[in-house]
Amino acid sequence: MSDYKKDSISLKGAVGLGTGVMISAGIFALLGQVAEMAGSWFPLIFIGGAIVTAFSAYSYIKMSSEYPSAGGIGMFLVKAYGKGTITASAALLMAISMVINQSLVARTFGTYTLQIFDVNETSFLVPILGVGLLTFAFIVNITGNRFIQSFTSIVSLLKIAGLAIFAIVGLWIAGFSIEGAAGGGGNSYVDQTLVSAIAAMALTILSFKGFTTITNSGSEITKPKKNIGRAIMISISISAIIYVLLAWAVSSNLSLNEIIEAKDYALAEAAKPVLGEYGLWFTVAIAIIATISGIIASVFAVSRMLAMLTDMKLIPHKHFGMPGSIQKHTLVYTIVLAMLLTILFDLSRIASMGAILYLVMDIIIHWGVFKHLREKVGPNPAIVLSALILDVVVLGAFISVKISTDPLIVVLSIIFMILIFAGERLFLRKMDDSK
C-alpha cells in the first residue's frame, strides 16, 4: 500500500510545494520562448497566463474542498467520470505532463549551471547535469514529507527573495521604464500576431501549473478544506508577481532579439548588463536553487498521484523485484521517465509537449465538473465554462502556431495521447475480464 500521512503538510509547506514547482522552469526556461511568440510586450502575457490559471484553479479548489485526497487530480476524475478510460487516461496525461516538466527543470538546471563556465547550451553536459539533479531529487524524496516541505519552504523563500532583488535592481537601472523590449533591428525569428500572443499564454500556463502539486497532496495538508484553496491562490499570486517583475526587468535591459537569441538562458543573459559578472553568478545561483526545489516538489507530487492511481487499479503496475511501498516504486518510475526525456528532448519541445498534454487534461477536468459534479461540488457554472473556453482558445492558438513552426511535436503529442487512451482502454478491459 501507499504511505500517505495525514496532516503532515502545513499551509506554509503547501505554499512552498506550489511555488517550488512554479518558480523554476517557469521563468528560467520559458521566458525566452514566451518572448519569441508574443513579441516586445511579452511581460503582459504572464498576466494573461495568471488570469487563465486563476479561472482554472477555481475548479480544482472546489473539488479539493469536497474531495481532499493524496491522489488529487486522479480522485477528482474518478468522481467526475468514474473508474474508466477517461479518468485513467486524463490522470496519466496530468502525471506525464508533470514528468515532462521535471525534465524541463532538469535541462534548465544544466543550461544555467554551464553559463558559469561559458559552455554552450547544446553541450552534452546539459542532460548529464539534469540526470544528476533528478538523482538528487530521488534521494531527497525517499526521506519523507516533513523534510521535503521544510526544504522546499526554505528554498522557495530564498529564491523568491533573490529573484525579487534581481528584478528590482534591473528595473532601477533601466529607470523603471514601461516600454517593451526594442526589436534590435527587426525581429526575424517569428511573425508575431494576436494568435501567436495567445499561443504564448500556453507556455505561461505551463509555468503556473505547479499549483496542481498542492491538490495532489490534498489529504496530507492540515485542514485541507480551508488550506488547499488558500495555498493555491497564494502560490499563484506570488508566482505571478515574480514572473511579471522579472519579465519586465529583462525586457528593459535586453532587446527582443537578444532575449530570443538567449532563449534557454535569457535571465542569465539579462544579468550581465544589470549587474555584470557578479550578476551572472547571482542569477545562476538562484536558478540552481529554484530548479532543485522545483524538481523535488514535482517528483513528490507525481509519485503520490501515480501511487493513488495504482491503488485504484486504474494503471498497470510492476514491482520489478523492488522492495517497499507502491509509492516508492512510482517514485522510481517517475525519475526514470524524467531522465529519458531529459536526455532525448530539448527545452523547446519539452515545454511544447507539456503544455499540450496539460491543457487537454485541464479541459477534461472542467467539463467533468460542469457536466457531472455541479450539484455535488456546487461551483459557479459560468466560471467553470469560462475556464474551459479559455483553455480551448489558448490550446487552439498554440497548436496552430506549432503546426507552422514545429509540426513534429504536435504529431508526437497526438500520437502519445492516442496511445495512452488506447492502452488504458485495453488495460481496464483486461481488468474487467479477470474479475
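Bear in mind these aren't lab numbers, they're just calculated from the coordinates by the rules spelled out. Because the structure is a prediction, the values reported are computed rather than measured. Using ideal geometry, Cβ is built from the backbone for each residue, glycine included, and neighbour counts are taken over all protein chains shown.
Too long at a 26 Å Cα-Cα cut-off: which of 328/376; 376/430; 12/159; 83/225; 62/402; 83/371?
Table pairs above 26 Å Cα-Cα are 328/376; 376/430; 62/402.
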Fewest-first ranking of 375, 258, using other Cβ atoms within 10 Å as the exposure measure: 375, 258
Size-normalised alpha-carbon gyration radius of the stretch 15-101, reference 2.2 N^0.38 Å: 1.30
Gain on full stretching of the segment that runs from residue 154 to residue 372 - 0.36 nm per residue minus C-alpha separation: 74.5 nm
Highest to lowest packing among 242-252, 161-171, 421-431, scored as the average C-beta count within 10 Å: 242-252, 161-171, 421-431
Two-site FRET efficiency, residue 343 against residue 142, from Cβ-Cβ distance with R₀ of 30 Å, rounded to 0.05: 0.85
Dipole of the stretch 232-312, positive end: most advanced residue of 265, 249, 234 [Cβ charges, Cα centre]: 234
Highest average packing first - 292-304, 342-354, Cβ atoms within 10 Å: 292-304, 342-354
Tensor-based shape of the stretch 310-402 (alpha-carbon gyration tensor, a/c under 1.5 rounded, otherwise prolate or oblate): oblate
Electrostatic dipole magnitude of the chain [Cβ: Lys, Arg +1; Asp, Glu -1; Cα centre; debye, to 20]: 1840 debye
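Kindly put 113, 283, 108 in sequence by how many other C-beta atoms sit within 10 Å of each C-beta, fewest to most.
Ascending number of Cβ neighbours within 10 Å: 113, 283, 108.
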Three-way shape call for the stretch 270-427 based on the alpha-carbon gyration tensor, with the a/c threshold at 1.5: oblate
Potential lengthening between residue 313 and residue 415 on full extension [0.36 nm per residue; Cα-Cα distance subtracted]: 34.3 nm
Length gained when the stretch residue 385-residue 125 is fully extended (0.36 nm per residue, less Cα-Cα span): 89.1 nm
Two-site FRET efficiency, residue 393 against residue 65, from Cβ-Cβ distance with R₀ of 30 Å, rounded to 0.05: 0.65
C-alpha center-to-center spacing [the stretch 40-90, the stretch 228-297] in angstrom: 25 Å
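Between residue 422 and residue 278, take the C-beta separation as r, use R0 = 51 Å, and let me know the FRET efficiency to the nearest 0.05.
Efficiency, from the Cβ-Cβ distance: 0.40.
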